[in-house]
1. How large is the Kirkwood hydrodynamic radius of the protein assembly as shown, counting all unique pairs of alpha carbons, in Å?
2. What FRET efficiency would be calculated for the residue pair residue B:79, residue A:227, taking the C-beta separation as r and a Förster radius of 41 Å, to the nearest 0.05?
3. Which value in deg cm²/dmol, rounded to the nearest 500, describes the helix-derived mean residue ellipticity at 222 nm for the protein assembly as shown, given -39,500 (n - 2.57) per DSSP H run of n ≥ 4 and division by the residue count?
4. Compute the angle between helix B:4-24 and the longest alpha-carbon principal axis of chain B, please, reported from 0 to 90 degrees and rounded to the nearest 10.
5. Of C:142, A:238, how do they rank once you tally other Cβ atoms within 10 Å and put the fewest first?
6. Arranged by the count of other C-beta atoms within 10 angstrom, fewest first, what order do C:2, A:94 take?
7. Can you tell me, using C-alpha contacts under 8 Å and at least 6 residues apart, the relative contact order of the stretch A:3-322 as a whole percent?
8. So what's the projected area for the stretch B:4-93, the Cα convex hull averaged over all directions, in nm²?
């Protein structure tokens, strides 16, 4: 098979697998949240445990009326969900799900991931601006604030495993964790993982940091004017981004597809670890209360950013004296 | 492989559009963005020349241009915001005084 | 194949640049600039400069554009370019002059194309760039950090001033 066709086939498979996975991740989150709050969660659609709920949700959203506000900036408003979704899906392009099983294992994989995920803000801003709604605009401004503030700690935390492995290529990073997962790497690994999770929470706008969609103040934030399929695209993008970041966390810190058993179990291990990271983030989400805008910015600039820079610096010194590789 | 001259030609076109943008527009923000356009055009030429020379020096130059552009944008936007606070208007034609 | 890709990306770059210059709305201009920066990043990829492509997206689309957009939102756009332009004639003169400039530059490009031996494979990877950056270009690199620090202090000073 020519390489181009192979890549295209791979991309097709990964895209569809991710979309299916994302649909069921929403169900997982709802079930998990429900259990945390002593509820049952989705139950009746697809008894006994609501297995068909994501399908029903998707159908419902497709059938809903598509409302465009008359005052909206039409072009921007209509494009925003697509611009938001594309980078969220594109982040999967460099993630290998097993050795040689992925769309493209670039030699700058981690950098590509960080670059593409930082594009998400453009779609978010377009949605907030194009809606021509004060809540949406406020939400977009908060999002811009927050994402500028947390992009840097996120990048620095993700660079610690890169330094430890001595490579930006994702498969090499996993290979470097053969003996010891980076989350178990003394001191550096744990601190970086904590910083990564906190920055992830903020980058995904989950609850302690969800000021941009704070229901009690901003209705639903930047997507308040969206309905029907456009709303579905935004939701899809958001969950795809969350899951993608969980995959990145599992790959950088939890050893990716490494695990006991035969090699073909690798992708399953990887998926399991990613879901674990996802549930960790969800756990925090359903346990804490929202904090104020100024507190969010203060945490980033006064604590997380200096700490992650110091950590990166210390890791660099450590690697320079010890040599790369665990 | 696409010849480097194509890239340089594209860079020339983008640069000219940027120049026109700086001159034609009255909004300092758009002028600023046109300047970014010109910087990018120059960067593209740098990378193309670097490939022709067969080394990474062109890319280093682009790296520095990006760093300087980031600094320049921060300072420039701060100046624009300060001016807007003082004058409540946003047209470069109003900014003919050195002090007020 | 590569030629087709180049042509498509180049057309996108030129169209978005024109969009930036011609559209009234500053926000639309900023979004067009994002498209332009993205297409330039794609061109870097086709030139084998992967590191630069990633940095371009992170620095420009992720940071610089966000700053622009934020400034535009703070400054409440859309009201500044209404009304008759008092210097309309002079500004329109920019179009032929710009076209002339483009023509001139293109002629220079055409004249400059000589029979050059096909270059060796370009070391475009992160390693090549990093090696150069921390050896031959170490001093400029350190100076850049001083420049960024100076910019940061300057911006804080400007932002702090209350009149």
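1. 25.5
2. For R0 = 41 Å, the calculated efficiency reads 0.50.
3. It lands at -23500 deg cm²/dmol.
4. Between the helix axis and the principal axis of chain B, the angle is about 10 degrees.
5. Going from sparsest to densest Cβ surroundings: C:142, A:238.
6. C:2, A:94
7. 23
8. Mean projected area for the stretch B:4-93: 5.7 nm², to one decimal.
Readers should treat all values here as calculations from the given coordinates under stated rules, not as data from a laboratory. The structure displayed is predicted, hence computed values, not measured ones. Here the Cβ is made from the backbone with ideal geometry for all residues, glycine too, and neighbour counts use every protein chain on show.
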